[in-house]
Amino acid sequence: MGLMLGLAGVIGLLLGLLGGGGSILTVPVLVYVAGLDPKTAIATSLVVVGTTSLVAMVGHARGGRVCWKNGYSFGLAGMAGAYGGGRLAAYVPGHILLLLFALVMLATAAAMLKGRGRETQPHTGGPICPRRLNLPAVLFDGFLVGALNGLVGVGGGFVIVPALNLLGGLPMHAAVGTSLLVIAMNSAAALAGYASHVSFDPHLVMLFTGAAVVGSVVGGWLSKRISGNALRRGFGVFVIAIAAYLLHRELSWAVVDEVRRVVLEHRDFFWGLMTALAILALYWLRGLIHHHRPLGGQAR
């Protein structure tokens with residue numbers, strides 16, 4: 001129990017300090033330390049991460065580092081995706097969800113090690129929150145992040161922060177504070193999707209959340225005093241190690257057969273999913289082409 005509460009404090013610390021990252025640890029801790037089944041762990045993590053994000057947001061809001069209009073726009077789109085992801089999780093076996101979670105962890109670690117968005121859109125004075133939004137892009141990214149959050153219980157801070165920084169035009173410290181609002185909104189909607197098919201242990205939820213909240217208060221205090229670059233990169237390496245452990249524990253021929261069975265039973269859904277992924281790939285390629293900077297010159 002002591003180890004679990006200590007790890008919960010670390011999760012809260014990272015949420016308060018970086019606006020994300022701690023939530024990526026919650027599910028593995030609840031599965032391998034607390035002994036919960038994968039779906040119960042994911043649903044419990046939504047309670048813990050959502051509550052902790054709200055508490056961590058208070059300090060940022062008092063410091064004027066929460067852009068409410070940007071957060072609500074991103075968060076409302078994310079809530080729609082999160083609720084759908086939570087409902088979809090009822091039809092996906094727990095072992096498959098853990099494998100998806102491991103893949104998300106690897107993508108998250110790659111983003112952290114690259115330090116994506118850390119040096120973009122610096123604050124140069126004037127209002128910290130932009131008056132105009134790239135609303136279609138914000139809603140699109142919000143929905144995708146929310147769906148991911150709902151399906152595998154990831155708060156998405158390391159996706160939300162760069163999206164708010166790059167698309168919303170928020171300086172980094174405002175993107176961190178605003179991301180906590182979005183994470184709380186997404187977690188609430190995803191929890192609504194899980195509530196119909198998962199139950200909780202109230203005692204465990206209160207203990208874990210309490211320790212995480214304490215850590216988030218400390219993290220919010222530290223966020224004004226230290227840079228998160230070194231911590232972000234070190235945590236990225238740690239996340240890769242956890243993802244590798246998850247893949248080692250969960251990947252087997254039995255799981256491969258289970259995936260094949262799910263695909264065969266829901267063939268139409270997966271054809272639709274592949275179509276949606278193809279559309280997303282084209283959208284990403286379009287953005288890459290239009291934002292490409294030729295060598296020796298600058299984009300106009």
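The values are calculated or read from the model by the stated rules, or taken from the named source; none is laboratory data. All of these numbers come straight from a predicted model, not from anything done at the bench. Ideal geometry is used to build each Cβ from the backbone, glycine not excepted, and the neighbour counts take in all protein chains shown.
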From Ala192, Ala184, Ala188, Ala211, grab the single residue that is modelled with pLDDT of 75 or more and farther than 26 Å from Leu103 by Cα.
Ala211
Can you tell me which of Val255, Val205 is modelled with pLDDT under 80 and in contact with a helix residue (DSSP H, G or I) (Cβ under 9 Å, 6 or more places away or on another chain)?
Val255
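Quick check, is Ile42 in the same structural domain as Asn165 (by TED's automatic domain parsing), in contact with an Asp or Glu (Cβ under 7 Å, 6 or more places away or on another chain), assigned to a helix (DSSP H, G or I) and under 24 Å from Val262 (Cα atoms)?
Details: in the same structural domain as Asn165 (by TED's automatic domain parsing): yes; in contact with an Asp or Glu (Cβ under 7 Å, 6 or more places away or on another chain): no; assigned to a helix (DSSP H, G or I): yes; under 24 Å from Val262 (Cα atoms): yes.
It is false that Ile42 is in the same structural domain as Asn165 (by TED's automatic domain parsing), in contact with an Asp or Glu (Cβ under 7 Å, 6 or more places away or on another chain), assigned to a helix (DSSP H, G or I) and under 24 Å from Val262 (Cα atoms).
Quick one: would you say Leu30 is surrounded by 23 or more Cβ atoms within 10 Å (Cβ to Cβ), hydrophobic (A, V, I, L, M, F, W, C) and assigned to a helix (DSSP H, G or I)?
On the way: surrounded by 23 or more Cβ atoms within 10 Å (Cβ to Cβ): yes; hydrophobic (A, V, I, L, M, F, W, C): yes; assigned to a helix (DSSP H, G or I): yes.
Yes; evaluated as a whole, the condition is true for this residue.
Kindly indicate the residue of region 63-75 that is surrounded by fewer than 17 Cβ atoms within 10 Å (Cβ to Cβ) and assigned to a helix (DSSP H, G or I) and also modelled with the lowest pLDDT among those meeting that condition.
Residues of region 63-75 surrounded by fewer than 17 Cβ atoms within 10 Å (Cβ to Cβ): 63-64, 68-69, 72.
Cutting the leftovers down to assigned to a helix (DSSP H, G or I) gives us 68-69, 72.
Details: Trp68: 90, Lys69: 87, Tyr72: 90.
By that ranking, first place goes to Lys69.
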Given the condition more than 22 Å from Phe140 (Cα to Cα), over 15 Å from the mean Cα position of the chain (by Cα), among the β-branched types (Val, Ile, Thr) and in the same structural domain as Leu222 (by TED's automatic domain parsing), answer yes or no: does some residue in region 50-61 qualify?
yes
Tell me, please, whether a residue that is surrounded by fewer than 19 Cβ atoms within 10 Å (Cβ to Cβ), in contact with a helix residue (DSSP H, G or I) (Cβ under 6 Å, 6 or more places away or on another chain) and not acidic (Asp, Glu) can be found in region 49-56.
yes
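Can you go through Leu17, Leu7, Leu36, Leu13 and tell me which one is aliphatic (A, V, I, L, M), in the same structural domain as Ala175 (by TED's automatic domain parsing) and either touching a strand residue (DSSP E or B) at 6+ places or on another chain (Cβ under 9 Å) or assigned to a loop (DSSP other than H, G, I, E, B) (or both)? Lay out the reasoning, then the answer.
Values: Leu17 fails: either touching a strand residue (DSSP E or B) at 6+ places or on another chain (Cβ under 9 Å) or assigned to a loop (DSSP other than H, G, I, E, B) (or both); Leu7 fails: either touching a strand residue (DSSP E or B) at 6+ places or on another chain (Cβ under 9 Å) or assigned to a loop (DSSP other than H, G, I, E, B) (or both); Leu13 fails: either touching a strand residue (DSSP E or B) at 6+ places or on another chain (Cβ under 9 Å) or assigned to a loop (DSSP other than H, G, I, E, B) (or both).
Of Leu17, Leu7, Leu36, Leu13, the one residue that is aliphatic (A, V, I, L, M), in the same structural domain as Ala175 (by TED's automatic domain parsing) and either touching a strand residue (DSSP E or B) at 6+ places or on another chain (Cβ under 9 Å) or assigned to a loop (DSSP other than H, G, I, E, B) (or both) is Leu36.
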Starting from region 188-202, take each residue that is outside the structural domain of Leu36 (by TED's automatic domain parsing) and list its partners that are surrounded by fewer than 18 Cβ atoms within 10 Å (Cβ to Cβ), counting only C-beta distances under 6 angstrom and pairs at least six apart or across chains.
none
